[in-house]
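Novice: Quick one: this structure, given as structure tokens, is what I'll be asking you about.
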Number of protein chains: 2
Amino acid sequence: MPQPVKHSIEAMLDAARALVLAGGPAAASARAVCQATGASSGSVYHRFPRRDDLVAAAWLRAQDRFLHAYLDALEPASAEAAAHAAVSVLTWCGAHPEDAALLLRHSLRDLLRGDISPALAARAEADRQALDAALTATAAATGIALPDLILAVVDLPYAVARRTLRDGATPTPADAAALHRAATLLLADRPC
Amino acid sequence: MPQPVKHSIEAMLDAARALVLAGGPAAASARAVCQATGASSGSVYHRFPRRDDLVAAAWLRAQDRFLHAYLDALEPASAEAAAHAAVSVLTWCGAHPEDAALLLRHSLRDLLRGDISPALAARAEADRQALDAALTATAAATGIALPDLILAVVDLPYAVARRTLRDGATPTPADAAALHRAATLLLADRPC
DNA sequence: TTGCAACTAGAGAGGTCTCTCTAGTTCATG
DNA sequence: CATGAACTAGAGAGACCTCTCTAGTTGCAA
């Protein structure tokens, strides 16, 4: 019944992401997204009531995509799956360089001009809780202390991915191997 | 011979840092620094020709301070010194929570509105090369492969520091002990 | 005393951005 | 056809920011 869509939400999110990556959070203005997509400001504001909502939606889309892959890799709760999930961070980053760069180079807070809106905060919080639940389940199933688990399969892969993607490079198999070895080593309850 | 200084550079950098930490990069405007320090815009622009220079100077001051401590800890190139350097990241963060938060939560790029100026880029690059040189020397002296070394004494401490500082907490001795153990484990050529 | 360099002070030009508002378009449906 | 929901379009008010510019102040040195 409505007029056919000329400018898709996805295109706007893609543009916002590209603008952030090219010129930092400040470059992702509603105006710049209008110019990049060819949409008018009315069109953009019809979908995203505020500039912050647009940019946050781009970031949360990337996080949702990442978490989908990561939680899948973590699925059969075991130490092996945990090490696999750690490595999967790197492979996902290689497969989705733009979303990965967005997540690794910017926190959600960084992208926003004002305070975070309740709806966005709720969505981010839900993602966080899904991750928490999966990690807690793995910790319970393997007997690994939660802080140790988090260090090995969250913080460490994050640090490696962040470093390797810093210059726009993609993680190499050697990076993945080193990370797998380190994660396995850290997950072993008593080393030797 | 000149008029006595009323507003110091350090105070302006402190204000810029506090503004970034409280409200994100966008909050650190030249105007906000004027209000926070009581200095007039003329006074601020007398010292920093551009807003970006001011914010970048605050970030680079923090990085210089950190690297000074870190490279010192890395000094007598050995596996023990490397593990010690890893732990020194945490102790430094505990001793300098504001500079640490600035470095851990924001990259230099994040803070700037426009592209990075050549002088700033050169200073950041010099810091990066000093770190590279120190790590390469340690790798050569200890026989540890450079990627493994980086993982243990750069990525791992970064991950731990980032996590502990996320909520504004300071690293505990237990964190330091756990990090030392993990770093030593990763640096051991053949575990067991 | 005079000169001068470093500094303070703040008004305001000019720019960019957000977001609103009015007006119009398109098309499945009754 | 006529209606109305979803959408497009873009002008512009108002806010905020950067940076410049003029005008002055201060205190050492000659």
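Novice: Which whole-angstrom value gives the distance between the alpha carbon centres of region A:39-90 and region B:1-78?
Specialist: 34
Novice: Assuming R0 = 45 Å, can you tell me the calculated FRET efficiency for the pair A:Thr172 and B:Arg50, based on Cβ-Cβ distance, to the nearest 0.05?
Specialist: 0.75
Novice: To the nearest 10 square angstrom, how much accessible area does B:Ile9 have with a 1.4 angstrom probe?
Specialist: Counting only protein heavy atoms, B:Ile9 exposes about 80 Å² to solvent.
Novice: Sticking with the crude label model, points 7 Å out along Cα→Cβ, report the distance from A:Ala137 to B:His96 in nm, one decimal please.
Specialist: 4.3
Novice: Would you mind checking the tilt of helix B:156-165 against the longest principal axis of the Cα atoms of chain B, expressed as 0 to 90 degrees and rounded to 10?
Specialist: That works out to roughly 50 degrees.
Novice: How tilted is helix A:9-23 with respect to the longest principal axis of chain A? Cα atoms for both, answer in degrees (0 to 90, nearest 10).
Specialist: The helix A:9-23 is inclined about 70 degrees to chain A.
Novice: Could you tell me the relative contact order of chain B? Use alpha-carbon pairs under 8 Å, at least six residues apart, and round to a whole percent.
Specialist: 24
Novice: Follow-up question, since we're still on this one. State the three equivalent ellipsoid semi-axes of the protein assembly as shown, derived from the C-alpha gyration tensor as the square roots of 5 times its eigenvalues, in descending order and whole Å.
Specialist: 35, 31, 18
Novice: Still on this structure, I have one more. Need the C-alpha centroid separation for region B:113-143 versus region B:93-109, integer Å.
Specialist: Cα centres, region B:113-143 to region B:93-109: 17 Å.
Novice: Here is a further query. May I ask you to find the residues of region A:92-129 that are shielded by at least 40 Å² of accessible area once the whole protein assembly is considered instead of their isolated chain (probe 1.4 Å)?
Specialist: At a threshold of 40 Å² (probe 1.4 Å), the residues of region A:92-129 that become less exposed are A:Asp110.
Novice: Then there's this: Place the peptides B:148-159, A:167-178, B:104-115 in order of packing, highest mean first, counting for every residue the other Cβ atoms within 10 Å and averaging per peptide.
Specialist: B:148-159, B:104-115, A:167-178
Novice: OK, next. Assign unit charges at the C-beta atoms only (+1 for Lys and Arg, -1 for Asp and Glu), then state the dipole size of region A:58-187 relative to its Cα centre in Debye, rounded to the nearest 20.
Specialist: Value, rounded to 20: 320 debye.
Novice: Further question: Counting Lys and Arg as +1 and Asp and Glu as -1, each charge on the Cβ, what is the dipole of region A:135-181 about the Cα centre in debye, to the nearest 20?
Specialist: In debye, rounded to 20, region A:135-181 gives about 80.
Novice: Per residue, what accessible area does the protein assembly as shown have, given a 1.4 Å probe and all protein chains present, in Å²?
Specialist: With the other protein chains kept in place, the protein assembly as shown gives 48 Å² per residue.
Novice: Which residues does the label zone of B:Arg65 cover in region B:42-59, counting backbone N under 16 Å from a point 7 Å along Cα→Cβ?
Specialist: B:55-59
Novice: For B:26-34, what's the mean count of beta carbons from other chains sitting within 10 Å of each residue's beta carbon?
Specialist: That average works out to 1.
Novice: To continue, here is another question. Enter the angle in degrees (range 0 to 90, nearest 10) between the Cα long axis of helix B:51-73 and the first principal axis of the Cα atoms of chain B, meaning the one along which they spread out most.
Specialist: Helix B:51-73 sits at roughly 30 degrees to that axis.
Novice: At the nearest 100 Å², what buried accessible area, both sides summed, do you get for A and B when the probe is 1.4 Å?
Specialist: 2300
Novice: Summarise the partner chain shielding of B:147-155 as one whole number: the mean count of Cβ atoms from other chains within 10 Å of each residue's Cβ.
Specialist: The shielding value for this peptide is 5.
Novice: Relative to the Cα centre, what is the charge dipole magnitude of the protein assembly as shown, using +1 at the beta carbon of each Lys and Arg, -1 at the beta carbon of each Asp and Glu, and rounding to the nearest 20 debye?
Specialist: Result for the protein assembly as shown is approximately 1240 debye, rounded to the nearest 20.
Novice: Pairwise over distinct Cα atoms, reciprocal of the mean inverse distance: report the Kirkwood radius of chain A in Å, one decimal place.
Specialist: 18.0
Novice: Projected onto the charge dipole of chain B (+1 at Lys/Arg Cβ, -1 at Asp/Glu Cβ, origin at the Cα centre), which of B:Ala130, B:Pro173, B:Leu21 gives the Cα projection farthest towards the positive end?
Specialist: Farthest along the dipole direction, towards plus: B:Leu21.
The values are calculated or read from the model by the stated rules, or taken from the named source; none is laboratory data. Since this is a predicted model, take the numbers as computed values, not measurements. Counting neighbours? That spans all protein chains shown, and the Cβs are built from the backbone with ideal geometry, glycine included. These area figures cover heavy atoms from the full protein model, side chains too; ligands, DNA and RNA do not enter into them. Shrake-Rupley method; radii C 1.70, N 1.55, O 1.52, S 1.80 Å.
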